[in-house]
């Protein structure tokens, strides 16, 4: 069928020419009354529209090429632009001013220049989504390659089952307010993009959750801030102070409600699962239930014999746990206001308590240097974690890895615990000098990749997961000799020798070889000249043993690896009293003994 040319409608010519100036496009679309700003008529002729289009095209064609802007199709998803080159002039200038100050040529010292780190989780979330789409078997699990080069493939905490990978051991940033005062409470915003801290000066400070820089500050209370909590919906924030006042805030930090909840300091507060009510505890030895939308006191519960230091509402049930200076941990029914259980496990004041995200366990921290984990189903303590050298001030569960627990001590140390490990009462990892003073508060990012801590040393610190293989990627070959250092846990040193020893590039770091270097197959070892073959196997060409990365629990017969060659080439029986083992390491052609 012959093709026929179809003329474009007259109005389409106005959109065929997309000029950069904007006025040229407007002039082409306005009609006969419009005139090109360069003096070229852009309107169509009243007598003949086709003649007007031809004149317009000729006018545009007569323009210089740099003024001619043609429409070009663009991709919807363009490749990312490369980052700008790093300018080291700032570092050099800072070093120059520092040297001048030390020499007495500058009147004041400039602030130390340091490159700000950024911890962004968007790339890992997209990669994790891609892995879940391509996964064909639910048993397919993600593993971490022990090299800093695979840092870009680090997935979010929900992708790993091993809690040691999600331990935050690297201090990404230390943030300090201009007015130095103790940080009493820190909470992540519901979207996980910012951190809100409350200090002893009554101020709220907002920090960026990616680059950890200061954003804004607000004078929220007239006395030290003692506690704050976001609602489960993420719409409301309630906070309490030293004077016993409770305030309601919106997401934009607009204060909409203020009332006096207790006669003395309000030490803790927590929302109910439906956000309809919240509880408060105070130094006046009482626990109160409040109706949130009416700011009305509903019930007062008494039973503690001293100041009540902490409280937490069960994530899904009507159950409240409190800890006090009377060394007791109590469970309350908010509907009846009755005490339904009391634990006497601690020998000193209970400083903090926290329900696990699944609601099966509650962790308590006390001044007796212990962290206790109680099982709600058994109504008994199942773990007593000892490792702190001084009082334990704060405790928090990982939001994704429900068996991972972190606690902060009065000496500034951080301890990470796992209830699923073989030794749950032994810390997985310890950071001795995380802060210079007591850690009053800590909070996990909702995704679980960053931990924020607040201390009496006036600082707020952000802790992130370690890079695969450890370190920053420089000199990783030497660090990888320590094995798989995931989550900051050191591995035993690797010794390499023999035919696959040092200088060989193609080995997997972190995997040791248990094969004897003499290539002997006897238990106890024999020299190469006295080795023998099993019956049925002839002599073959001598080849080196398997690389260290393929080592198992013992010597193993690998495919393509010939057994050792006897001195005479004949098949002989093994000497008396000695047994041959082949495939004892779980590989090759199967284990056996003859």
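The values are calculated or read from the model by the stated rules, or taken from the named source; none is laboratory data. The model shown is predicted, which means the values in this text are computed figures rather than measured ones. Cβ atoms come from the backbone with ideal geometry, glycine included; neighbour counts cover every protein chain shown.
Being under 18 Å from residue 443 (Cβ atoms) and touching a strand residue (DSSP E or B) at 6+ places or on another chain (Cβ under 6 Å), is that true of even one residue in segment 370-389? The answer is yes, given that some residue of segment 370-389 is under 18 Å from residue 443 (Cβ atoms) and touching a strand residue (DSSP E or B) at 6+ places or on another chain (Cβ under 6 Å). Applying the criterion of at least 1 residues that are closer than 25 Å to residue 314 by Cβ and under 21 Å from the mean Cα position of the chain (by Cα) to the strands (runs of 3 or more DSSP E) found wholly in segment 391-449 leaves 392-397, 404-409, 414-418, 439-444. Considering only residues in segment 211-224 that are within 27 Å of the chain's Cα centre (by Cα) and assigned to a strand (DSSP E or B), the one that is farthest from residue 247 (Cα to Cα) turns out to be 214.
Inside segment 235-265, residues that are outside any strand (DSSP E or B), within 31 Å of the chain's Cα centre (by Cα) and surrounded by fewer than 20 Cβ atoms within 10 Å (Cβ to Cβ) make up a count of 6.
In this structure, residue 403 does not qualify as surrounded by fewer than 21 Cβ atoms within 10 Å (Cβ to Cβ) and either free of Cβ contacts under 8 Å to residues at least 12 places away in the same chain or closer than 21 Å to residue 200 by Cβ (or both).
To keep it simple, each residue is scored yes or no on (1) more than 20 Å from residue 393 (Cα to Cα); (2) modelled with pLDDT under 95.
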site	(1), (2)
281	no, no
308	no, no
332	yes, no
337	yes, yes
353	no, no
